[in-house]
1. Taking loop as defined by DSSP and a crowding limit of 13 other beta carbons within 10 Å, which GluC sites (Glu not before Pro) in the range A:559-626 fit?
2. Search the structure for amide H atoms under 5 Å from the amide H of A:Thr214, placed 1.01 Å from N in the peptide plane, and list their residues when 5 or more places away or on another chain.
3. Write out the trypsin sites (Lys or Arg not before Pro) in the range B:6-77 meeting two conditions: DSSP loop, and at most 15 other Cβ atoms within 10 Å of their Cβ.
4. Quickly estimate the mean residue ellipticity at 222 nm for chain B, helices only: each DSSP H run with n ≥ 4 gives -39500 (n - 2.57), and the total goes over all residues, rounded to 500.
5. In percent, what relative contact order does the range A:1-125 have, based on Cα pairs under 8 Å that are 6 or more apart in sequence?
6. Can you work out D for the range A:266-368 in µm² s⁻¹ from Stokes-Einstein, where Rh is the Kirkwood radius over C-alpha pairs, the temperature is 25 °C and the viscosity is 0.890 mPa s?
7. How many partner chain Cβ atoms sit within 10 Å of a residue's Cβ in peptide B:37-45, on average, as a whole number?
8. Can you give me the pair-distance distribution of the range A:50-147, C-alpha pairs, 5 Å bins, whole percents?
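All of the numbers you see were taken from the coordinates with simple rules; none came from a lab. As the structure is a prediction and not an experimental result, all values here were calculated from the model. For neighbour counting, all protein chains shown are included, and Cβ atoms are generated from backbone atoms with ideal geometry for every residue, glycine included.
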Amino acid sequence: MSSEAPDSPRFRYVSRKRRTKEDRRFIAGEGRFVADIGLPGMKHVALVTSPHPAARIDAIRTEEALKIEGVVAVITGEELAQATNPLMSGLNLPDVRRFPLAVDRARYAGEWVAAVVADSRYIAEDGAELVEVDYDPLPFVVDAEEAMAEDAPAVHPAHGTNVLYRRKFVYGAVEEDFAAADHRLAFRACWGRNSTVPIETFGVVAKWHPGTGTLDVWASIQMPKYPEQIARALRLDANCVRVHYDVDVGGSYGVKRGIKHTVLVGYLARKLGCPVRLIEDRLENMTGGDAHGPERIFDVEAAFNGDGEIRSLRLRALDNVGAYAGRAPLQLAKPIGAIVGPYRIKSVEYEAISVTTNKTPQEAVRGFGQSPTNFAIETAVDKIARTLDRDRVEIRKRNFIRKDEFPYTIPSGSEYDSGDYHTVQDKVLDLADFPALIARRDALRAEGKLAGIGIASCLEPSGGNAAFEPLFNPANETTTWMESCVTKIDLAGTVTSIMATASAGQGHETLVATVTGEELERDPDGIRVVRSDSLASLPSNSPVASRMAIMLGGAASGAAKILKRKLIDIAAHNLQLPADRLVYEGGNVAVRDDPGRSLAWDELVEIAHRKYHQMPLGMEPGLQASYVWEVPKGGELPDAAGRVRMYPCYSFEAHIPLVEIDRQTGQVKILEYFIGHDCGTMINPDIVHGMIYGGIAHGIGAALYEIFAYNDDGQLLTGTFMDYLLPSVHEIPDIKMVDHSTPSPLTSMGQKGTGEGGYLGAPAAVASAVNDALAPLGLELNALPMRPGDIEALLRTKSE
Amino acid sequence: MKPREISVTVNAKRYRSEVPPRLTLVDYLREVLGLIGTHTGCEHGVCGACSVIFDGQPIRSCLMFAIQADGHEVETVEGLAEADGGLSPLQDAFWETHALQCGYCTPGMLMATHALLRSNPDPTVDEIKEAIGGNLCRCTGYQQIVEAVRLAAKRMRGAHPEAGKDTIDE
């Protein structure tokens, strides 16, 4: 596998520093977010929520609320459940039913119980205060291990147990490898419940058109198969729902799924005959927005030899998904596609357990479960190094898959496409001037400070094929996760590409314009990219799974190549020469051996659009092409042993932070942060770097600050930004980055995914640094987040 | 409570409106005046997405009522552009350095740093961080935002050489 510089001369526009297409409108205040959609006669929703983690709902009285001038309607779960189908689940769980509003029983504090519709949000909130609900509190459970006990309160009594999914996968000769290894170790690592928490909450506006029988939806959405799911729940044909993808999404990173919100608002819009809008306030978002992330307890065993070779791993992951299933349990499945990390580990046992509790439900979070698993694996590698008294970098390099071993099939059946882990690791060591960094840490220690260096690497599986769906739910035989693009060259010769999904800051318009411009050799600045609606467009699976550079980029390449071919064929016909004697250059087509003979872009466009008599016989008039791309190497179901070919492409990152811990307060300060990354060909370097910086900041939050904390009464304690702490600029260090490019052999331009990596590696890296700082005291901490109080309490155990 | 009449100058234009006393300033800007560039993020004064400039100082428009703005001057992102409609140097620097991704916190970031550069044309990195310390961004990790403000400051000083010698390395 050859490496090439990011600014490879083989590209005109790709990999070059270029301004994005999207930023221009946002800096002028001209973004169009869901809260900016205003329709005549629009009504507003506020929610009545359960104060109890578990309670029977005996009665709901709405009379007083309805007396308020401006309150239009109050609806309850009972009414909604009669008129709609239950929301879809990622697992086959017929007795774990979920509706947008609680039916008969509330299952977590903050769950929506009734919805008030009014002329303004202010009046709707007045109404919500006057809705009276009679609750009969029930026993509840918020801890995952307690929820597994035989006598635990049942969150969904009809299901019979709080365990939603449990399976042990054995990949390779685990027993034998453990028996044959020189050493074994075991530990527990805990990943706290955090999430992506975008600055924009979720919102949706819906309008029903009785004349056409269609429901128009504008939403802050990032959800695969969103229109189909809404239609199914609302008992509409799928072609009755039009989702407008030209709504800007104010951050998502996974969680903006909003099915329950949309079903509620869609139902109300149809029932009331007016447009209806629901924009979560921050507390609704944090408590009842159903957008928390994974919460996991890992029990890990590792088997390794005295020379540092890691022989085998056993991972048991117990995940607390909260009160309903949704797609969240599948976040235990996706890590199977990179279950040995970047290491040559020959066998692995993985037990995945998904448990329901009386907490807010989980949603998909950046990396779809990969970041917690990476934290567990990297913690194991650090512990192996410490056990053997070996350098943490050396142990990693001892076990990294070598550059010449790709494509490399891991024990769970997934194939890593390409990589050069040793080089990226070396590059970041050079960037950090590693010996000097160690000297700096040691100098700090000599001054009596607690200082530590973190070492962590991570893979970013990208390109998503959803193979985890059939793996965890055999009733679901999904083996494609396609993406589409339509491109047209109009009569005036300008180029427009159409994508079929909303965008949440990942720069998809820039991606499509850059790739299309590269293929057609036309300036991307002049290419317009529009986001269509769900009825007018080809299939999309939305920007999940770190897939758009690969999948939307591949689809855009495909459409542009068809157009380029067509332009060449039109020229060949008119120049009366075979196509292989022509050369395409900047949109013009010339005779290779006689460059004076040529047809310019404008002439070719004119022929295609006006002069059918000059077109090759039978050729479609005009210049338009669509392309729907299947995930590379997709199309396979898992085998009986659970071996499965998961995501096609694997990016790699190596992180090195330096931290200092305040002995008095336990506060961790990040003094330096270095990262080396390899996502293959970068389409737009500024976008790649921005997402990595942002992902690291997000990961620092998960490592040190962010947690949805619950008390013993089952109440969420961190429902505002005063107590759920997002890192500000003061918590994020200046991050120094080095690029590397190992192009993927599977994608149109060698690109891989990059939106998740920072978040996948940073929590493990920061934890590694904290534990390096604590090591001289003989202390360690393997639970995230590592808040000042947690560290201070640990330090106190040593001083007492 | 009865509506109250207020008079507010927004982006140098005077508006007279009747508003309910409990209407927040951000909802007044967005829903009454239609200036939707200002966003709400937390509605309890932490995230800074709703930052506007009020009598020259950056403030949270979610923590004020519209009636408190009676007789005062407000500047929003819609007022940042140059007289000819072109981007301001600060806006242009945000574009140049890709100092945003989803764009949701961006108007607040722009207003906070616009106020900074007006009072301090040559800020240090720490002063820039202090100025955006109350504005949360979930996409960027702040690095390219700090870079944008440095670049804008440098260019703005370059455009007015009398403002002092350029001391920032790019």
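1. In loop regions of the range A:559-626 (DSSP not H, G, I, E or B), there are no sparsely surrounded GluC sites (Glu not before Pro).
2. Here A:His209 satisfy the definition.
3. When the trypsin sites (Lys or Arg not before Pro) of the range B:6-77 are filtered for loop state and at most 15 Cβ neighbours within 10 Å, B:Arg22 remain.
4. Dividing the helical sum by the residues of chain B leaves -8500 deg cm²/dmol.
5. RCO, the range A:1-125: 35 percent.
6. In µm²/s, the coefficient rounds to 149.
7. Mean inter-chain Cβ contacts per residue within 10 Å come to 6.
8. Result returned by the calculation: 3, 13, 19, 20, 20, 13, 7, 4, 1, 0.
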